[in-house]
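Presented below is the structure to which this report refers.
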Amino acid sequence: MTDTNPLLQDLELPPFEQFAPEQIEPAISQLIADGKATIEKALANPAPASWATVIEPIDQQARLLDNAWAVFGHLNSVKDSPELREAYGKALAMVTEYGTWVGQHEGLFKAYQEIEQGEGYSELSTAQKETIRQTLLGFRLSGIDLPAAQKEQYAKLQNELAQLSQKFSEQLLDATQSWTRAVSDEAELAGLPQSALDTLAQYAKQKGKDGWLITLEMPSVIPVLTYADNRALREEVYRANVSKASDLGPDAGKFDNGPVMTQILEKRQQVAELIGYKNHAEVSLATKMAETPEEVVGFLNELAEKAYPQAQNEFAELAAFAKEELGLDELKPWDVSYASEKLKQKTYSISQEQLRPYFPAPKAMVGLFETATRLFNITIEPAEEFETYHPDVQLHNVYENGKPIARFYLDLYAREGKRGGAWMDDCRVRMSLDEENTQLPVAYLTCNFTPPVDGKPSLLTHNELTTLFHEFGHGLHHMLTRINVKSVSGINGVAWDAVELPSQFMENWCWQEEALAFISGHVETREKLPKELLDKLLAAKNFQSAMMTVRQLEFSLFDMTLHMKTEGFSANDIQQVLDDVRARVAVVPAIKENKFQNGFGHIFSGGYAAGYYSYKWAEVLSADAFSRFEEEGIFNEQAGADFRNIILAKGGSEPAADLFKAFRGREPSVEPLLRHNGIAA
């Protein structure tokens, strides 16, 4: 193997245009071999173990593996192909096995212990000490104390879990893309706004069809369920969407994730028991702010007690409106978004579609960057030349006082072969390369907005605008770190239930008149969002907020309850857990075909297993953090500097609870969250 393989070159940015799937396996093989050799060489050093002799060389070598993985790991999510899937699956097995080998390396574990107990430990930085603390905990969670046979069992389970998570993700994508509904008569789509019709026409065109094509991509599903007057069509799309990747799905169970979920849960439980925990929930919380599963369930139940009565009232109001105004004697799940939109329009005379013309994607981006500039004293400019994997993708440079400090790729629009949803991922992590040079952080920011059609810019709903600000908040956490230690730089090492703090915090500026003055700009007239529309938007802000809250609590309680179980993981058992949770907190009745769990990628193929509650936990933190800006001014220079210097800059180098208290001057309060959501405390 020679270094002509671009994945083996030490590059500042990914070599997307030189990449081919067949490069993955040999590159990963080589980088893992180099990683093992580096570890053994460091441990063979006769000098006492120290940061410089052990951790530093290992981190530098691990950086090369991380950077290579950042190329095809990302492409696997945004440019799916059979060749890439196969190569990625093989590489995933190798990397998982290597991670387990490192996590169970007794020599390395002893070296870290030696460093922690050695004379030079007191001279290490806070970030270095936190890295050692987290790494030693990681060793214990990796089964370092297990006998040889059980270590082997642990490694096998972790490899199987990685493959199963990948299979879950692939089957969900396949199920999403396997269902379409062609429409030849526009009358069938009555009620849909022009922007949605243009999108569906584009989907048809891409498939070489005339007319319109409904898919299970969100830019298709959401407008149909929200605006289609055709109730039978709404029902058809709703049923296809909620049953996808299940035994009841429109693909006749071809992509059923039921058996995959069962295997994932069984293996997670086996791992938990191996390393001395009662269940996977306890394993998950070992590295989080919350201390016990019971504490999390108590927190979620407390929110449910406050929100559920109001959610019931909101649903009753909706059902009454649907019966009186829309002639719907029984409000079905496929009617909820449609009736809600009609009620919202009647009550507040505003809809997401009315707002779209004021948020052209290019203008929204300019407004987003201006918000970041005012808050954190940075500037953002597009890069001129760079390698890309799709024409839609843009690269931006982030500057502080004229000096580059970070970069990010922006991939905004939905397309075939791209995983649904929105996310931020790291591409490069900030870390010292030597005494003089630093690897600058690079982020991937990915959304699935409606693509531009016929040369017209994509127009965002206000909900999509908040999604954009949310993901950019994650990006800022990654990019504005000042920590040069790889393991706790940016989002690395941050407690998972605090990682949503910066992202949810940034959403607040989408509701502020002072910010919307430069975030918004009509696609034709360029005028900012009129005061009349803003007032309606703010009046409608908490419309059905309790219904939305209990929906999030449903997902969170299902996740935590499921992972507190120690046995009984069949598809029926999983369904029973969800049914029990729904009976307590859901207000929208579920049909038997609703197999939400089969598409719950956050907990079965993402990092949120026994951690989905983090969204609500961090929402308490973000609402309370923003309340300081409400008190001092939404662009207050000192508040912005403090948030950057205390929360964003320090990454995972100090416990999240300590950083929050340093920023706010006290423990977090739930009151601002309830107030922001219009829920009576």
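What follows draws every value from the coordinates through simple rules; no lab data is involved. Computed from a predicted model, the values in this text were never measured in an experiment. Virtual Cβ from ideal backbone geometry, glycine too; neighbours counted across all protein chains shown.
Brief remarks follow.
- Spin-label model distance (nm) - Glu631 vs Ala383, 7 Å beyond Cα toward Cβ: 4.1
- Mean Cα-pair separation over length for the chain, i.e. relative contact order, pairs under 8 Å, 6 or more apart, %: 15
- Comparing Tyr277, Leu225, Ile264 along the charge dipole axis of the stretch 208-280, the residue lying farthest to the positive side is Tyr277, per the Cβ-charge model.
- Among beta bridges from DSSP that stay inside the chain, the antiparallel ones total about 80%.
- Local charge for Val581 was computed over the other residues whose Cβ lies under 10 Å away, with Lys and Arg +1 and Asp and Glu -1, and equals -2.
- Residue-averaged [θ]222 nm for the chain, counting only DSSP H segments that reach four residues, each worth -39500 (n - 2.57): -18000 deg cm²/dmol
- Correct option for semi-axes √(5λ) of the Cα gyration tensor in Å [calculated from the coordinates] among [x] 48, 36, 26; [y] 40, 29, 27; [z] 52, 28, 20: [y]
- Highest average packing first - 514-520, 388-394, 577-583, Cβ atoms within 10 Å: 514-520, 577-583, 388-394
- If you take all other residues with their beta carbon under 9 Å from the beta carbon of Gln171, and give Lys and Arg +1 and Asp and Glu -1, the sum is -1.
- For the stretch 179-242: relative contact order, % (alpha-carbon pairs under 8 angstrom, 6 or more apart): 38
- Most positive-pole-ward Cα, Pro21, Leu11, Tyr121, against dipole of the stretch 6-173 from beta carbon charges: Tyr121
- Sequence-separation-based contact order of the stretch 241-400, relative, with Cα cut under 8 Å and 6+ spacing, percent: 7
- Peptides 491-502, 263-274 ordered by average Cβ neighbours within 10 Å, highest first: 491-502, 263-274
- Among 668-679, 67-78, 7-18, sorting by the average number of other beta carbon atoms lying within 10 angstrom of each residue, highest first, gives 67-78, 668-679, 7-18.
- Spatial separation of Cα centroids for the stretch 138-202 and the stretch 602-627, in angstrom: 20
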